[in-house]
Amino acid sequence: MSNQTHDSVEPSYLVAKKGLLSWLITVDHKRIGLMYLVATLFFFMVAGLLAILLRTELFTPGQDFMSAQTYNQVFTLHGAIMVFLFIIPSVPAAMGNFLLPLMLGARDVAFPKLNLLSFYIYCIAAVMLVLTLVMGSLDTGWTFYTPYSSTTGTAVIMATLGVFIAGFSSILTGLNFVVTVHKMRAPGVTWNRMPLMIWAIYATALIQVLATPILAITLMLLCIERVLSIGIFDPALGGDPVLFQHFFWFYSHPAVYIMVLPGFGIVSELITVHSRKHIFGYRAIALSSVAIAVISFLVWGHHMFVSGQSELAGVVFSFITFAVAVPTAIKVLSWVATLYGGSIRYTTPMWYAMIFLWTFTVGGLTGLYLSTLSTDVHLHDTYFVVAHFHYVMVGGTVIAFLGGLFHWFPKMFGRMYNERAGAISALLVFIGFNVTFGTQFFLGHQGMPRRYYAYLPEYEYLHQISTVGSWVLAAGLFLVLFTLLAGLKFGKHAPANPWGGVSLEWHTATPPIEHNFHHIPHVESGPYDFPEIDWDSAKH
Amino acid sequence: MSSSNASNERPAWVAHHFDTAGQQVSSAKLGMWLFLATEALMFSGLFLAYFLIRKLHPDMVLVASEELNKAYGGVNTVVLIFSSFTMALGVRAAQVGNQKSLERNLMITIACAFIFMGVKYIEYSAKIHHGLLPWNFFDMEKAAHHSAALASFEYTPMFFGIYFTMTGLHGLHVVIGIGVLTWILIRARRREFTPDNYVAVENVGLYWHIVDLVWIFLFPLLYLVK
Ligand SMILES: [Cu+2]
């Protein structure tokens with residue numbers, strides 16, 4: 001793909017500058033990416049442990065160690081931290097920062113200082129969200145629905161301001177990435193030669209720029225509602241509480257694609273590199289990311305089928321929601337077609353990609369139950385929704401994130417991890433995840449409502465299976481952590497290109513030098529033209 | 001290869017990660033346009049809220065909007081449009097390297113921004129004096145004393161809620177504008193801008209135009225529409 005053969009004598013970005021301060025004021029996208037990675041993984045662990053607490057409380061039907069109020073606060077914090085401090089920044093800000101300039105053959109993102117600024121804005125937001133804990137906590141759920149959120153005595157202002165500020169970090173990252181993709185591509189990297197990871201991050205960045213301002217104004221209105229009170233969300237003061245739901249979901253539905261599109265990008269990379277086969281339907285996958293980004297702005301009403309919007313609106317939103325399944329299915333089928341006849345290597349990243357195909361497909365298909373008007377009336381606000389959401393967010397994004405972490409870990413740190421431990425972690429995560437959330441489809445279908453700390457005894461059996469599953473899942477995730485930490489300390493030195501990838505990040509030293517490339521590469525072929533592909537016999 | 005040639009002729013103001021000056025300038029412009037898009041989207045949420053209030057309580061909005069002083073609003077509109085004009089002249093001056101004209105136009109623009117905020121202060125004081133404020137601070141007694149028609153509507157404070165929210169957020173943008181314009185003026189005095197390096201002036205100009213543009217929508221909607 002490139003004529004880059006220079007052997008590295010320059011120090012890697014990890015040691016090019018020394019001392020804590022050199023990290024704190026760095027404008028190197030790779031270092032900023034790593035700082036995001038550490039921060040997001042920390043919050044993943046915090047919010048994950050909160051989830052374990054919730055599941056453990058639910059082991060028996062009655063109250064065990066949490067009051068109803070505490071339970072409300074714990075699930076709110078679990079949701080808010082997972083969504084705003086982990087999933088949204090995890091892939092774009094952590095991995096995207098590290099990979100985007102490398103994959104484009106650039107020296108850095110377009111605005112390196114802005115990049116560092118958005119990291120610190122993220123940190124401020126994180127501190128504010130954590131501060132709500134000591135300021136009376138938060139019990140509104142991560143969705144902040146009015147009128148409850150404009151009347152409850154908990155720290156809503158602090159929490160919404162925290163999320164508001166996190167939104168700015170997200171906007172600035174998205175803006176930076178859009179400009180980077182447009183302006184920073186190396187010579188020869190045409191739009192059709194960009195790795196699919198870049199296409200996914202680009203589509204994500206567009207949503208970040210176009211949807212997050214609406215979240216900002218929504219949360220600002222909520223704060224003003226509490227301080228000055230316009231009355232716009234309160235029927236007693238002349239307003240309309242459903243308006244808040246429109247505002248909120250106009251951002252938050254596109255936001256689930258901010259969360260999952262980068263996962264699609266990772267899986268495209270994992271599947272093609274580890275099956276040594278050119279991706280099937282490059283353009284279809286690339287453009288379906290953009291199509292999903294566009295459609296995602298037109299479906300928010302599917303969260304309000306039972307909130308009293310008009311019947312016509314319900315039908316229209318239901319139909320458009322079904323339409324999202326088309327570009328999504330194009331992706332899944334293209335990945336399966338890529339695997340067909342490939343030389344599949346069962347590496348840890350590939351195991352995670354396989355798990356993704358299973359869990360994400362379940363998550364996507366159960367979405368169709370919820371977008372169908374009549375079944376949604378039955379399933380609305382039950383564990384079915386919880387299960388669907390987690391199959392998409394954990395089974396989709398988090399699984400892809402873990403696969404990507406194993407895939408690019410050698411490039412980031414210059415060390416290999418233990419393959420066997422990685423594979424066992426994948427197995428544990430797969431079993432634990434499906435046991436935890438698979439059962440919740442049944443619970444929801446039987447009528448178990450979400451967000452309750454206690455339940456009727458007939459749900460006990462399934463709840464207990466789910467709770468045991470969550471412990472297995474936690475064990476798997478800790479094994480991931482230990483495998484990577486052990487790799488960092490004791491792993492073999494990684495070669496520049498351990499997986500035989502063709503995209504540009506594999507064409508520089510491992511770990512990369514500070515300015516990424518000794519010479520800016522010239523690119524003459526696509527990102528998946530593996531040298532061993534025999535184009536004559538393999539009919540394309 | 002292009003990068004090695006470019007490094008010989010690259011001016012000092014081009015950052016290390018860009019190949020050419022053109023790449024840096026066009027990146028900065030694209031970034032600014034995207035930022036303006038986020039601003040427009042953010043205000044669009046407030047406009048939606050405004051239209052909803054109008055739709056829910058059309059009679060109240062008609063009467064309440066009569067309370068806004070059309071003369072003050074009109075003066076501010078003229079002031080902002082004029083400042084947009086001087087801003088554009090300033091950008092043009094930077095483009096042709098007319099240092100004196102650049103500084104003068106920036107100063108006039110900043111002065112206009114201060115005039116705008118001064119008029120806003122007078123308007124806000126009058127509203128506060130009559131108790132015409134959002135729900136939590138609305139003073140029914142003072143309001144009824146001021147205008148019986150106003151007090152006859154149940155949801156009058158909603159209008160002043162959205163009025164203070166929209167003009168407040170816009171005013172905040174004007175204040176930020178004063179800050180960035182001053183920063184640009186300081187840089188201009190240090191002679192940092194040349195005919196091929198003035199994208200910062202251009203970008204702040206774009207920001208100022210959108211602040212102006214938002215007001216051009218706010219003024220008729222809040223003060224004039226019947
Ligand atoms: Cu949705």
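The values are calculated or read from the model by the stated rules, or taken from the named source; none is laboratory data. Values in this document were obtained by computation on a predicted structure and should not be read as measured data. All Cβ positions, glycine included, derive from the backbone under ideal geometry; neighbour counts span all protein chains shown. Note: accessible area is taken over every heavy atom of the protein model, side chains too, but ligands, DNA and RNA are not part of it. Shrake-Rupley method; radii C 1.70, N 1.55, O 1.52, S 1.80 Å.
Structure above, values below:
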item	result
Residue match in region B:136-147 (condition: touching a residue at least 40 places away in the same chain (Cβ under 8 Å), surrounded by 18 or more Cβ atoms within 10 Å (Cβ to Cβ) and within 30 Å of B:Gly45 (Cβ to Cβ))	no
Residue that is surrounded by the fewest Cβ atoms within 10 Å (Cβ to Cβ) [pool: residues in region A:240-262 that are more than 16 Å from the ligand (Cβ to nearest atom) and more than 9 Å from every other protein chain (Cβ to nearest Cβ)]	A:Pro241
Matching residues in region B:22-41 - criterion: being under 14 Å from A:Leu210 (Cα atoms) and within 7 Å of chain A (Cβ to nearest Cβ)	B:Gly31, B:Leu34, B:Phe35, B:Ala37, B:Thr38, B:Leu41
For B:Asp19: the one exception among (1) modelled with pLDDT of 90 or more; (2) outside any helix (DSSP H, G or I); (3) charged (D, E, K, R)	(1)
Considering residues of region B:155-191 that are free of Cβ contacts under 8 Å to residues at least 60 places away in the same chain and over 21 Å from the mean Cα position of the chain (by Cα) only, the residue surrounded by the most Cβ atoms within 10 Å (Cβ to Cβ)	B:Pro157
Residues of region A:287-308 satisfying the condition of being within 14 Å of the ligand (Cβ to nearest atom) and either under 12 Å from A:His246 (Cα atoms) or within 14 Å of chain B (Cβ to nearest Cβ) (or both)	A:Phe297, A:Leu298, A:Val299, A:Trp300, A:Gly301, A:His302, A:His303, A:Met304, A:Phe305, A:Ser307
Some residue of region A:268-275 being within 16 Å of the ligand (Cβ to nearest atom), more than 14 Å from chain B (Cβ to nearest Cβ) and open to solvent by less than 40 Å² (accessible area, probe 1.4 Å)	no
Subset of region A:224-239 that is in a helix (DSSP H, G or I) and farther than 13 Å from A:Ile157 by Cα - its residue that is nearest to the other protein chains (Cβ to nearest Cβ)	A:Leu237
The listed residue being open to solvent by 30 Å² or more (accessible area, probe 1.4 Å) and more than 26 Å from B:Ser147 (Cα to Cα), out of B:Ile115, B:Ile128, B:Ile122, B:Ile110	B:Ile115
Enumeration of residues in region B:51-90 that are within 14 Å of chain A (Cβ to nearest Cβ) and part of a loop (DSSP other than H, G, I, E, B)	B:His57
Residue check, A:Thr212 within 8 Å of chain B (Cβ to nearest Cβ) and open to solvent by less than 10 Å² (accessible area, probe 1.4 Å)	yes
Check on B:Leu185, more than 21 Å from B:Ser27 (Cα to Cα), out of contact with any helix residue (DSSP H, G or I) (no Cβ under 7 Å at 6 or more places or on another chain) and modelled with pLDDT of 95 or more	no
Residue ID - farthest from the other protein chains (Cβ to nearest Cβ), chosen from residues in region A:488-516 that are touching a Leu at 6+ places or on another chain (Cβ under 8 Å) and assigned to a loop (DSSP other than H, G, I, E, B)	A:Pro511
Residue under evaluation A:Tyr452, criteria (1) in contact with a helix residue (DSSP H, G or I) (Cβ under 6 Å, 6 or more places away or on another chain); (2) open to solvent by 60 Å² or more (accessible area, probe 1.4 Å), criterion not met	(1)
Residue satisfying all of: in region A:310-338; open to solvent by less than 30 Å² (accessible area, probe 1.4 Å) and within 14 Å of the ligand (Cβ to nearest atom); nearest to A:Gly265 (Cα to Cα) among these	A:Thr328
Residue match in region A:279-299 (condition: among the aromatic types (Phe, Trp, Tyr), crowded, with 24+ Cβ neighbours inside 10 Å and in contact with a Ser or Thr (Cβ under 7 Å, 6 or more places away or on another chain))	no
